Every structure is written in C-alpha cells, then in structure tokens.
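The values are calculated or read from the model by the stated rules, or taken from the named source; none is laboratory data. Every value quoted in this text rests on a predicted model; they were computed, and no experiment measured them. FYI the Cβ positions are ideal-geometry reconstructions off the backbone, even for glycines, and counts take in every protein chain you see. Protein only, heavy atoms only, side chains kept; ligands, DNA and RNA dropped before computing areas. Shrake-Rupley method; radii C 1.70, N 1.55, O 1.52, S 1.80 Å.
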Amino acid sequence: MIHVERSGQLGLIRIDRPERMNCFDYPTLVELQELVDAVKADESVRVVVFTGTGKAFSAGADLKERVTLNETEVRRNVLAIREVFASIAALPQPTIAAVNGHALGGGFEWMLACDFRIIVDGALVGLTETSFGIIPGAGGTQRLPRLIGETRAKELIFTAKKIDAATAERYGLVSQVVATRDELLPACFELAAAMLRNGPIAIRQAKQAIDGGMDVSLADGLRLETEAYEAVIPTEDRLEALRAFAEKRTPQFQGK
C-alpha cells in the first residue's frame, strides 16, 4: 500500500508496508509506477518527497514473494523495479528521499534515483545483492559510481557491506543526516521550501540541463544548457522576477 499526501505544491509519497520493511512486491511496484506517472503529469506538484513507514526506508525486493516466482516472473519484477526507478529519476520535479531507516538493495537504489537524500542517524544503507548471488538490477551499478566514484562503488557492491549514515554522508551519498525521525520530514520540507521559492519553469529546465549533461561531452552539455535557457526567456516568470527586483519585493512565480 502507498499513501500520497499533498501540502500546497509539495507531494509526499510513502510506501506503507512496515511489516515487510517496505519491500517491493509486484503490486507495490505497479502502484508506485502509476503514482509516479501521475505526478509527472501534474505541474501543480513542484517537489516530491519519497519515504517509508516505520523503521525502514525499504529493504528492497520482497524476498518472500521472490522465492515463489518462476524465472519469467522474476524478470518481470526486475523490469518493473528498474522502470519505476528510471521514471523517478526522470521526473521533471526535484525529488527528495527521506531515508527514515535502513535502505538496502532495491531500497538503496530507490534513494539513488532521487535528486537529494536526507537520512536519519542509525539507518544503514547498502547494495547487498551480491550476498544473494545476484547484482543490483535497478540502477545501482550505474548510478552509484556516478555519484561516489568507481572504486567506492565497487567496494560497496562487491562486499555487499552496509554503511551507517555518517559514512554515507562522508561518501557523498546523502546531503544531510538528522538525529531523529521526528526531524527527518521537517528537514526535507525545509529543502523543498527553498526550491519552491524559485521559478518552477527555471527549476525544471535546470534539472533537465544537469541530468542531460551528465553523460555527454562538455560541448554537448553546453548546448543543452543553451536550449534550457532559451526555454525560460519568453516566460512570464522571468519578467515577473525582473519587475520584483526593480520594485524590491519577492517575485510571485506562476509557472508561466
């Protein structure tokens, strides 16, 4: 089961399977994909926070379900989790993983698919798949080395070890560690509020330019930046920002 909450222009998506450590079975993956697709199409949602219920962010694939599946069904599940995380990574809105507890295997890959990760102290994170005779199959082998470098990524994947929140911060996996779960969502909402003050079209275009430029040459990346800048020039938001500056007031962005 997944809960969705709205607070103004902020959307909160929470996996609510605490009895299974928020593991991903096939129905959960299907539901999450539908919600992500809906969020993508809803321009009134400007920032998305993902989290779990209880003591775990997610322990990844539901192994109780997995042991009952044949090879065709396993491939179906792996494709589904890969596609839903790719959809999260491709959302035009900024995304924040509120890591409320352990994030292991697919749960780790879920947080990697988000733009920002804020974690509670005491949580352990890791790509544990090789200890089960498989490999990360939902983006872990690709997103992790791009985030923290090849050597550390290989170490985490090859050893299947779990690291604590402080180490995750030192590795650059997360941007902030909070002391308690009570502080987690407020920290995420504070980050979201800082983004919500700015132009929504500009934020989307900046994300598109950054994400699109990560795996191309500098010259091609600069062309993407030019295209993104061209997209904001004719907007009402840009003119509103100039008027607000001249009138010494806060701009009122409309996303137009």
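Before moving on, here are some points about what is shown:
- Within segment 1-34, restricting attention to residues that are part of a helix (DSSP H, G or I) and within 14 Å of the chain's Cα centre (by Cα), the residue that is surrounded by the fewest Cβ atoms within 10 Å (Cβ to Cβ) is Q33.
- In segment 225-253, the residues that are modelled with pLDDT of 90 or more reach residues that are open to solvent by 100 Å² or more (accessible area, probe 1.4 Å) with C-beta atoms within less than 6 angstrom, at least six apart or across chains, in these pairs: A228/Q208; E236/K256.
- Selection status of V67, closer than 23 Å to T180 by Cα and either modelled with pLDDT of 95 or more or open to solvent by 60 Å² or more (accessible area, probe 1.4 Å) (or both): no
- Note on segment 198-225: among residues that are within 19 Å of the chain's Cα centre (by Cα) and of a type in the set (V, I, T), the one that is most open to solvent (accessible area, probe 1.4 Å) is I210.
- Test for A97: is it closer than 24 Å to R204 by Cβ, modelled with pLDDT of 95 or more, open to solvent by 20 Å² or more (accessible area, probe 1.4 Å) and of a type in the set (A, V, I, L, M, F, W, C): no
- Out of F85, F57, sole residue that is closer than 27 Å to T159 by Cβ and touching a His at 6+ places or on another chain (Cβ under 9 Å): F57
- Considering segment 244-255, and only residues there that are loosely packed, with under 13 Cβ neighbours inside 10 Å and of a type outside the set (S, T, N, Q), the residue that is nearest to G8 (Cα to Cα) turns out to be R249.
- When A228 is tested against the conditions (1) open to solvent by 80 Å² or more (accessible area, probe 1.4 Å); (2) closer than 23 Å to V48 by Cα, the lone failure is (1).
- Exclusive hit being farther than 21 Å from T95 by Cβ and out of contact with any Cys (no Cβ under 9 Å at 6 or more places or on another chain), set A231, A219: A219
- Residue among V49, V74 that is of a type in the set (A, V, I, L, M), open to solvent by less than 60 Å² (accessible area, probe 1.4 Å) and touching a residue at least 12 places away in the same chain (Cβ under 8 Å): V49
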